[in-house]
Amino acid sequence: MNYIVSFDVVALVILLIFMIYLIAQRQTRDRSNSILILMLAVSVLSAIGEIVFVAMVSSGLSGHGFSIVANAGKYLYFMPHNMIFGFYVLYTYASFDIWHKFRNNRILVGLWWAIVIIGQVTALSNLFTHKVFEIGDDLVYHRGYLIGIFYMSGFCYAVWTFIVLLRYREMANSSRRVTLFLIYPIVLTSIVIQYIFPRYRANMLGLAIAFTLFMLVVQRSEYQKDLITGAMNIDTAISRIKSALKMEKPVTLTFIKIVNHGNLQMYLGQDEYAGFLHMMTDFLSGIAHKHNYPVDIYYLNNGLYAFMADEDDINLAIPVAEDIKESLMQEMISGEFAVRTDARICLVRCPEDVDEFSTIFTLATTFHDTMADYKDVILYAEHKNDRNFMIRNEIGDIIDRALEQGNLYMCYQPIFSTLENRFVSAEALIRLHDDKYGDIPPGVFIPMAEANGRIHAIGDFVLHNVLDFISRIDIDRLGLRYIEFNLSASQCIEVDLVDKIMNLIDEKGIRPSNISLELTENAADINPAIVDANVWKLHDAGIRFALDDYGTGYSNIKRVTSLPVAQVKLDKSFVDEIDNPQMWIVIEDTIAMLKEMGKEILVEGVETAETAGKLSEIDADLLQGCELMQGFLFCRPLPEEEFVKFIEDRLEN
Ligand code: C2E
Ligand code: MG
Ligand code: MG
């Protein structure tokens, strides 16, 4: 038969190109990548065998020597060919991140090997029986009946993969899923073509086309890799961790945080810093390699690396982590610079230690802060009883729970006027009571809510709750001018902030002048245009503003002069040092300066009568001094009803 060899040659070229490309890309040590390389390698061998065979039988030559070459070619074709679909099974498990479903199932592993062995033994048996195929000295090719076993083994793998693809289809996005299924019609079509027109050796070309689709859609490293560090990127990490949790796949995560990454970036400059990060990837994977610890390495931005190992044996991870810790303490050379890193390492098992994605993510991004004191490798499991640590790590869930179950409520701290000698307003302060962890102070959960975006939901809650409260009490009868509440930096940049507040004021039927909004952090640094627009619009609508925490650095003189704030709240840190003569000068001058600007002054955190007395001494000299005081001396923040009762009681007196 005069076969046409060119299809196979084209197929071989395509397969070789992809194989070389994948090997060159290999630093990620990704399992699916490795399996794909194996799959390509057996396909390449098979294509070479096929080409040798086709070349021989189409050459018109004959004789024993040529027959040996043709036979060798056919064996080289058959034996690896049987493995292509075998590796496809493995590839599906690996690329769907369900490798453990295969590896931990002895029956499946046994079955996989059994099919391999049956296929290979059948092929080898042909040496003696010639029941699979035969190529005589005339170089004519005959099939034997045992070739059926051979087809069967390939068919078994194909069915197996199909079942896996169907069963775990939700593990891949639609384009990947479609591509993984597409291999079937493509390969089938090529087999049918080759069967009907034996001259056209379309089989290998079909495979090469399927591989091309793979490379274009499924195995695109640029989607998975972080280009600067050469590690896998954060998106890949997120989707891998999520799917591991979903499939209950046990994994160990090692988080390695370069705490001083910001300093290094400044010290090294952008270019060299990029080089340093890349060096770090190689360095870390080198250590894992040295310990034979099979991991994928990820870069999660901001100096945070992660190892993910398909192992929940923490004892394998510990020596690696300790070695990294040791090694990172040494000075490193990056380009022309000597570099000292400050690293924190945390080990966590999923799902054993943590089975919630958000918890893992918070842990990864905060453990170096939460556990700043721990210089050794941190084993998450050992800190499960540390309440503060757990609160920080579960804060996302805690806040969600609180919003859902109504575990948030407002307290009101009365504000005392030294001029009028009575309470004239109050600050609304949020409280959170969690069923699991009890009361959690806003100083803990507000900054974390800012970081994870839940602050908007909290802000809306506060807004509704406080405005509703004002609408329910008779604020004039209680002798209160307004209720103050805190606006966080993230709220100040909400584009619909003004509408939200104004609509609610309308809805609740209250006066704009009954509320006062406290501003703190430099939200203007994030987006000055929006903050200014929001504040001025609200101000023009008659809403008061106060500047909170003045003197802490978050609220500075620029804010006082640029924003329409009627009141400035001196931070507790001022009064804490009231006995320090230097500080006293600062307090007096600050008050004098703010007075001159026409601001109303409130002193926060007044705890003792001495402090209050000392502050009112300023009175005489400086135009009524600090007329407003807030602090435990007067009253702690109280729940709604107690607050109203507290004020009513003072009215009667
Ligand atoms: P802040 O706005 O400066 O509120 C004053 C804090 O000082 C309150 O703490 C209050 O309970 C506390 N305090 C009042 N008098 C004294 C005193 O005499 N001594 C001491 N040691 N503390 C006193 P709290 O309620 O724990 O709130 C802490 C911070 O959390 C607040 O500081 C504010 O920045 C934030 N926060 C509280 N509620 C909210 C809210 O509804 N929304 C937003 N965005 N932030 C809030
Ligand atoms: Mg405040
Ligand atoms: Mg304050």
- Query: Which aspartates and glutamates have a Cα less than 13 Å from the Cα of residue 225, not counting those fewer than 8 places away in the same chain?
  - Reply: 30, 235, 296
- Query: Can you give the helix-only mean residue ellipticity at 222 nm for the chain, where every DSSP H stretch with n ≥ 4 adds -39500 (n - 2.57) and the sum goes over all residues, rounded to the nearest 500 deg cm²/dmol?
  - Reply: -18000 deg cm²/dmol
- Query: Taking the highest mean first, how do the peptides 47-59, 571-583, 114-126, 475-487 order by number of other beta carbon atoms within 10 angstrom per residue?
  - Reply: 47-59, 475-487, 114-126, 571-583
- Using Cα positions and a limit of under 20 Å, work out the lysines in reach of residue 131, with same-chain residues fewer than 8 apart set aside. 74
- Message: Heavy atoms only, 1.4 Å probe, whole protein assembly: order 558, 225 by accessible area, highest first.
- Response: 558, 225
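Just to confirm, what accessible area per residue do you get for the stretch 400-648 at 1.4 Å probe, in whole Å²? Kindly include the intermediate steps, with their values, before the conclusion.
Numbers: 10840 Å² over 249 residues.
It amounts to 44 Å² per residue over the stretch 400-648.
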- What do the square roots of 5 times the Cα gyration tensor eigenvalues come to for the chain, in whole Å, largest first, as semi-axes of the equivalent ellipsoid? 73, 25, 21
- Hey, what angle do you get for helix 147-167 against the long axis of the chain, alpha-carbon based, 0 to 90 degrees rounded to 10? 10
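Given the pairs 375/436; 246/375; 569/614; 384/436; 257/325; 246/325, which are separated by over 21 angstrom at their Cα positions?
375/436; 246/375; 246/325
Given 10 °C and 1.306 mPa s, compute D for the stretch 6-222 with the Stokes-Einstein relation, Rh being the Kirkwood radius over Cα pairs; round to the nearest whole µm²/s. Walk me through the intermediate numbers first.
Working: Rh = 18.0 Å.
D, rounded to a whole number, is 88 µm²/s.
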- P(r) over all Cα-Cα pairs of the stretch 363-491, 5 Å bins from 0 to the longest distance, whole percent per bin, short to long, reads 2, 9, 18, 18, 15, 13, 10, 7, 5, 3, 2, 0, 0
- Task: Could you please state how large a percent of the accessible area of the chain is carbon and sulfur, counting protein chains only and using a 1.4 Å probe?
- Result: 58
- Item | Qualifying lysines (Cα of each under 18 Å from Cα of residue 537; at least 8 residues distant if same chain) | 500
- Note on the structure: Taking every alpha carbon pair in the stretch 400-648 and sorting the distances into 10 angstrom bins from 0 up to the bin holding the longest one, the percent per bin comes out as 7, 31, 37, 21, 4, 0
- Only Lys, Arg (+1) and Asp, Glu (-1) charged, at Cβ; the chain dipole about Cα centre in debye: 4380
- Item | D (Stokes-Einstein, µm²/s), Kirkwood Cα radius, the stretch 261-383, 1.002 mPa s at 20 °C | 140
- Note on the structure: Computed ³J(HN,Hα) along the stretch 403-410: with the Karplus parameters 6.51/-1.76/1.60, θ = phi - 60°, integer Hz and x for glycine or proline, the list is 5, 5, 8, x, 8, 9, 8, 9
- Message: Taking every DSSP beta bridge with both residues inside the stretch 400-648, roughly what % is antiparallel (nearest 5)?
- Response: 45
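Roll a 1.4 Å probe over the protein chains and send me the accessible area per residue for the stretch 62-112 in Å². Can you show the working numbers first?
Values: 1930 Å² over 51 residues.
Heavy-atom SASA per residue in the stretch 62-112 reads 38 Å².
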- Amide H contacts under 5 Å for residue 483, placed H, 5+ residues apart: 515, 516
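With only Lys, Arg, Asp and Glu charged, each at its Cβ (+1 for the first two, -1 for the last two), find how big the charge dipole of the stretch 361-470 is about the Cα centre; round to the nearest 20 debye. Could the numbers behind the result be given before it?
Working: 9 positive and 17 negative charges, 25 e Å.
Here the stretch 361-470 has a charge dipole of around 120 debye.
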- Message: Which residue, 364, 305, 330, has the largest displacement toward the positive end of the dipole of the stretch 234-393 when charges sit on each Cβ (Lys, Arg +1; Asp, Glu -1)?
- Response: 364
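From largest to smallest, what semi-axes in whole angstrom does the stretch 150-206 give when each is the square root of 5 times an eigenvalue of its alpha carbon gyration tensor?
Numbers: eigenvalues 130, 39, 8 Å².
Taking √(5λ) for each eigenvalue gives 25, 14, 6 Å, largest first.
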- Task: With a probe of 1.4 Å, find how much accessible area the stretch 234-393 has per residue, and write the answer as a whole number in Å².
- Result: 44
- Query: Any idea what the relative contact order of the chain is, in percent, if you count C-alpha pairs under 8 Å spaced at least 6 apart?
  - Reply: 8
- Task: Could you pull the accessible area for residue 502 with a 1.4 Å probe, rounded to 10 Å²?
- Result: 50
- Note on the structure: Log10 I(q)/I(0) at q = 0.16 Å⁻¹ for the stretch 179-251, from Debye over equal alpha-carbon scatterers, is -0.72
- Task: Per residue of the stretch 175-189, in order, report the coupling 6.51 cos²θ - 1.76 cosθ + 1.60 (Karplus, θ = phi - 60°) as ³J(HN,Hα) in whole Hz, putting x for Gly and Pro.
- Result: 5, 5, 4, 4, 5, 5, 6, 4, 4, 5, x, 5, 5, 4, 4
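The values are calculated or read from the model by the stated rules, or taken from the named source; none is laboratory data. What you are looking at is a predicted structure, and each value in this text was computed from that prediction instead of being measured. Note that each Cβ is placed from the backbone with ideal geometry, even for glycine, and that neighbours are counted across all protein chains shown. What goes into the accessible areas is simple: the full protein's heavy atoms, side chains included, and nothing from ligands, DNA or RNA. Shrake-Rupley method; radii C 1.70, N 1.55, O 1.52, S 1.80 Å.
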